[in-house]
Structure formats: C-alpha cells, structure tokens
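A short worksheet on the structure shown next.
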2 protein chains.
Amino acid sequence: MSTEFPPVEPPSEAVLREAEARQAVLTKPLGSLGRLEEIGNWVAACQGTCPPRPFTRPRVVVFAGDHGVARHGVSAFPSEVTGQMVGNFLKGGAAVNVLAQVAGATVRVVDMAVDGDTPVGELKVRRSSGSIDREDALTREECEAAIAAGRQIADEEVDAGADLLVAGDMGIGNTTPSAVLIASLTGSEPVAVVGRGTGIDDQGWMRKTAAIRDALRRARLNISDPVALLASSSGADIAAMAGFLAQAAVRRTPVILDGVVVGAAAVVAEEMAPGAREWWVAGHQSAEPAHAIALAHLSLKPLLEFEMRLGEGSGAVAALPLVIAATKILAEMATFDSAGISGKD
Amino acid sequence: MSTEFPPVEPPSEAVLREAEARQAVLTKPLGSLGRLEEIGNWVAACQGTCPPRPFTRPRVVVFAGDHGVARHGVSAFPSEVTGQMVGNFLKGGAAVNVLAQVAGATVRVVDMAVDGDTPVGELKVRRSSGSIDREDALTREECEAAIAAGRQIADEEVDAGADLLVAGDMGIGNTTPSAVLIASLTGSEPVAVVGRGTGIDDQGWMRKTAAIRDALRRARLNISDPVALLASSSGADIAAMAGFLAQAAVRRTPVILDGVVVGAAAVVAEEMAPGAREWWVAGHQSAEPAHAIALAHLSLKPLLEFEMRLGEGSGAVAALPLVIAATKILAEMATFDSAGISGKD
C-alpha cells in the first residue's frame, strides 16, 4: 500500500444542517446541551445520516513500539516496560482496558517496534528505532512499511464493522519524538514542547530538552515531506498511527484522538491527508505541553481537561461515553411535538 | 423531620490515604490519570473502603416546581412547560432520561410545586411560589415541609440502595431564585449572576436583572438563617433539593452536582449542614454565570465545561460515566507486581 492518500472528503455538510435543525425540535432549549449538541451533530455528519446510529463497535488500537532515544535517559521508566505493558493490555489489566470496558469498546494491541518479542508482532517493522537526536528513527522503507501497516489496520477494523476508532500509544520514550514532530510542524521551540512524560526528574528534563533540541535540528530538514519527517523523527509505532488516522478519514470513520503521542501522529497525518482532522474529535488535553500546541494547530478543542498523561488511548476512551451520549441525545430524545410541549413564548 | 441537620462527618481520611497508596502501585505512572485518580480516591473515601465498590444504583431525582416570578417575564418559556416536562420525564423522552440510560442510572421525578396536577405529587408542598422580587416564595411552614421532603427522599433512595445520587431541577423561572440565592450568600452583584436561562432576549434580560435586584434586597435580610432564606427567595423545589443534598451527606452518600439551580441549593445546603460539600463533586460548569460563583464558593472544580445550561441533572449525568470510570480504574487495574512490570528507573 502506498503512502499517497486519496483526497479526504469532509463529513456531510447537508446532514450537519439536518442535525442542527433536529436539535431545535428536541425537548430542550436549542443550544442548552452545549458541546453535546455540537458532538452529536458532528457524528451525524460523519455517518451521513440523521438521526445518527448508535455506535455498535467502538474500537481502540494501541500501537506499541520502543524508541532508541530512551537509551539516553529521557524517560523515568526502562524500555523493557513497553513489552511488559503489551502483556498487560492482552491480559486486560491496563488503564485503557478498564476504561474501554466502561465505555463498551474493545481493545486491539499491535507491536510495531517493541524491542523484544510479543505475541502481536504480525505487522512489526523492526525492533525499536534509531535515536532521533543523532540518527534517523527509520529508513524510508521501514517508514513506508509502518504507514502502510497503519492503513491496513484501519481498513481491517472498518471492514470488521468498527464505526468509531481510537488510536492509543505505548512506548517508553515516545513523548520525545512526539514533541519533536509537533515542534517541527508548528514552528515551536524545544522548551515549549518538552514535558515530564511518565515523570522524569530535573536531570532527565535537561537531557530530554537537549535531545529534543538536537532532534529538532534534524527534523526541520524534512518538514515539507511528511514521510521523510516520520522516517527521521518518529518511530514505526507513530508512523503507523499517522497512517491509521489518515486512513480512518479516507474511510469516513470518526476518530477520538488521545494525548500528545497520538496528537503528534495526527499533526503529520493531516499533512499526508489534508482535511483528515474533520473526522477527528479531541478526547482530552493532556498535561504534556506539546499537546495543547498540537490541538491548536489542528483547530480541535478537547472534551476533557483532566491533566491526564498516560497515553494508551486512555484520555480518548475516557471521553468516549460523552460521544456516545451526544449521539444518543440526537437520536433518542423526544421532540416538542411528540411530547406535546409548548415552545418559546 | 426537622430542619436541623446532625453534624456531617467527612469522607474517611484513612481510606483516602489507602487509595492514594493504591494508585501508586497500579500499572501507570502515579498521577498520570490526573483527575480520574483524584475522583477514584474520593469515591473510595466516601465509601470508606479501598478498592471502592462499583456503583450498583446511581439514582437521579428531578425536583420539579414552578416559580411565581416567571409571571413577570423572566423566562423564554411559559410556566405550563414545567408540568409538560414532568410528563416527558415519566415517558423517558427528556435529555436526562437519555443520558441516564447511557450512564446506567435511573430517574425519579418529584413534583414539589408544579402549578398544575401531575402523577408524582405525593410530597407536593404547594402550587408554584410567591414572586420573590416582591413577596416570600414560601411560608416558613411550607419551606420546612419542602426541606423535610427532600430529606425524606434522600433517605428513601439511600435505604433502597442508591450508592450515588444526582439532583436535577425542572421549573420555568428557576434560574432567577438560583441567582438570588447564590448572590446573597456570596455577596455578588445582580449583574454578576444574571444569565440567559433557557434563552431570554435582551428585554427579558433587563426584566430578569431587575427582578434579581429586587429579590436580592429581600434575600439579604435572611442570609444568616438558611431556612428563612429558602422561604423568602427559593421555592419548594429548591428547598427540597437543599434538604436532599444535605441529607445525602448525612447519609455518607456521594453526590454529583448539576448546574446553577442545584448549585444554588448546594450553597444553601452547605450552610444548613457544614461540610456537606465534601460529599459532592461538580459534574460540570454551566453557561449560567452564577454557577461558576457557586462552585468557587464551594471550592468545587467541575469535571466538564461543555457550556450546558439545561438543568434536569443533565450535566451531572453526562459526567457520571467519568465517575464510574474513575472508580473502576482504582478497583480493577492490575498492579505492577501482579502484571510483572518494572518500576521507575
């Protein structure tokens, strides 16, 4: 599969208008449900039908991969945790599993670049990645394979009936390439995008800022070519996520974005498939500073501001019940007529 | 039942510490789930047990009542809508019904003061209320009966197994007394608390501001006596809600607060039963300006900021899945030990 995406069509403008008109006849003052109305209208426009259908198969895909830069002290946790957490996802013990169960979603884990063997490596591109502060993360071929894998996963999920997608990340060190991708495409300084990740101390913070500074110097050579940028400055997990997010839009399937790592993939995906962002809603704004920059760049307003910073898709899945609720409001509320209720004076 | 409340005991400090310690051994960096951790810890402290139990019977009680001040053009909708909406709640067509169904909660409606007959008037105190800009809303006896009814409802619900409570409001004109109650107990000016309610126009805004100004002059005579304040400046629905919220705390049952009307009742309930607010979490911050003032006064931080302004408990029930998720995170996630995952470097 190529790394060229077909043009992304927007959600249906006609159905959006239909949804807005329907909100006005439901038994509530128009606009009184605020963002729940806005999100319900967006879901209807994505589905191309109003009232919208209830979601039958919300699906989370967690993209796991290690990052070479983690060898240089940018994370509070050792890289072996990435593979261990893959096992935790498969056993259902991680935060995203619990949150998905609450929201009625199911979780798939794919190992794109874990630095060890896992049972979910069918689409694995390589082990770990080059340390992006001094070398490319991936070769061009590896990067293209990762993007293609992400596209394939989106296709598989949509073909299997997924009607709402969430991408999640798992990878020790992954907030460093994420900060670099976001800084490079938004013209931000290293200090504006560096965050504490899983919880680094002040020494780690200084190492991470230096790594981001060095990596950003290399990344900036590639800002006009998203595939080259992903090759130099991401990792197979993030490149796959970018392909996944772009392909979800191509397949007209709504997506709830998670935190800074998915946000970084989203910023690149929008470069690869302009207009893809219209198929996405921001589940939350994370505590990582680069995330707010990414969301502003994409003109997306988060549903939750909970100071979450875990990844895994956790922030997106936490917001999923709100998207479900917004959809059901538009589909299931009574109208003034059907309930025999008087309108405005 | 008297309007004197026994002292409110706080949620368990010891269990709160236990919950905080448990968050540190779950398979995520400590603090990485942000407010979900904070809310889960609070639920455990309220239940007095860690890990917390999943909620088995989240219950919404909608308090309906009309307001005499609505005769003077402070609302965009006619008073007959209050009784019509009671019918809509009972048929399941209102926003709160749909949201409760999504969240796994059930809804009870009580008619405290609808200006007409409804099938849910067992505890009804009177029809409508005095127009608070020129007369008392209730007699002292009516007010005490309404508070006692709210207490009784909380007791009935807790005795029937409710382990999480939500109060909702329905009453054309009810944001006017709410603004007055909040302004009187927080020392705010009329212009700081007046909002658009269900959607008044500029003429209505001026009438509403004048009504609030006049009502506030009367309310300020009673700020040292919460029962007298409710009698002069609320309505039987709001007085019952205040009794309900205070009694929930007495019964050690957590509550998710809704918008400005419930917020007004909560501000008074905290006066009647100091410390009750520790049993409450703010579901959302509404678009009504007085609501932010009430939440700040109660030192409560909203879960959602969705520009909702419907009432009915809708904002609280929209946030309910987040409280459920926070509880399950603390109860169901794997620990580092159980999952065999390495800790911080």
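Where a number appears in this text, it was derived from the coordinates with a stated rule and is not lab data. No experiment lies behind these values; they were computed from the predicted model shown. Because the Cβ atoms are built from the backbone with ideal geometry, glycine has one as well, and the counts that use them run over all protein chains shown.
Considering every residue in A:76-86, what mean count of other chain Cβ atoms within 10 Å of its Cβ is obtained?
3
Note on the range A:242-345: the alpha carbon radius of gyration divided by the globular reference 2.2 N^0.38 Å gives 1.29.
When Rg and the Kirkwood radius Rh are both evaluated on Cα atoms of the range B:292-345, their ratio Rg/Rh stands at 1.21.
Can you give the percent of C-alpha pairs in the range B:56-205 whose distance is more than 28 Å?
Beyond 28 Å sits 22 percent of the P(r) for the range B:56-205.
Counting pairwise Cα distances across the range A:4-134, what percent come out greater than 24 angstrom? Pairs farther apart than 24 Å: 55 percent.
Between A:Lys91 and A:Arg71, what's the calculated FRET efficiency when r is the beta-carbon distance and R0 is 25 Å? Round to 0.05. The pair A:Lys91/A:Arg71 has a calculated efficiency of 0.35. Cα-based radius of gyration for the range A:141-222, normalised by 2.2 N^0.38 Å, reads 1.37.
Averaging the sequence gap over all C-alpha pairs within less than 8 Å and six or more residues apart, then dividing by the number of residues, gives the range A:78-210 a relative contact order of 18 percent.
Which three semi-axes in whole Å describe the equivalent ellipsoid of the range B:105-158, each the square root of 5 times a Cα gyration tensor eigenvalue, listed largest first?
22, 14, 9
Along its principal axes, the range A:58-322 has C-alpha extents of 43, 37, 36 angstrom, given from the largest down.
Measuring from a point 7 Å past the Cα of A:Arg53 along Cα-to-C-beta, which residues in the range A:254-294 have an amide N at less than 15 Å? So the set is A:254. Quick check: the distance between the Cα centres of the range B:62-105 and the range A:209-235, to the nearest angstrom? Distance between centres, Cα-based: 55 Å. Each 20 Å bin from zero up to the one holding the largest Cα-Cα distance in the protein assembly as shown carries the following percent of pairs: 19, 47, 28, 6, 0. Sorted shortest first, the separations between the A:Thr335 label point and its copies elsewhere in the assembly read 5.7 nm; each point sits 7 Å from Cα along the Cα-to-Cβ line.
Per-peptide packing, taken as the mean over residues of other Cβ atoms within 10 Å, places A:71-81, A:124-134, A:239-249 in the sequence A:239-249, A:124-134, A:71-81 from highest down. Listed by chain and number, the lysines placed with their C-alpha closer than 23 angstrom to that of B:Lys301 are A:Lys301, B:Lys328; residues fewer than eight positions away on the same chain are left out.
Using only side-chain charges placed at the Cβ, +1 for Lys and Arg and -1 for Asp and Glu, the dipole size of the protein assembly as shown relative to its Cα centre rounds to 200 debye. Among the residues of A:297-307, the average count of other protein chain beta-carbon atoms within 10 Å of the residue beta-carbon is 3. Considering only the Cα atoms of the range A:195-280, their convex hull presents on average a projected area of 5.8 nm². Counting only other chain Cβ atoms within 10 Å of each residue's Cβ, the peptide A:90-97 averages 5. Projecting label points 7 angstrom from Cα along Cα→Cβ for A:Thr335 and A:Ser224 puts them 5.4 nm apart. Copy-to-copy label distances for A:Arg17, where each label lies 7 Å from Cα along Cα-to-Cβ, are 6.4 nm in order of increasing length.
Dividing the mean sequence gap of close Cα pairs (under 8 Å, 6+ apart) by how many residues chain A holds gives a relative contact order of 26 percent.
From its DSSP helices (H runs of at least four residues, each -39,500 (n - 2.57)), the protein assembly as shown gives a residue-normalised ellipticity at 222 nm of -15000 deg cm²/dmol.
About the centre of its Cα atoms, chain A shows a dipole size close to 360 debye [charges on the beta carbon of Lys, Arg (+1) and Asp, Glu (-1) only; nearest 20 debye]. Each label was represented as a point 7 Å from its Cα along the Cα-to-Cβ direction; for A:Met206 and B:Ala296 these points are 4.0 nm apart. Counting only residues at least eight positions apart within a chain, or on another chain, the lysines with an alpha carbon under 25 Å from that of B:Lys208 are A:Lys28, A:Lys344.
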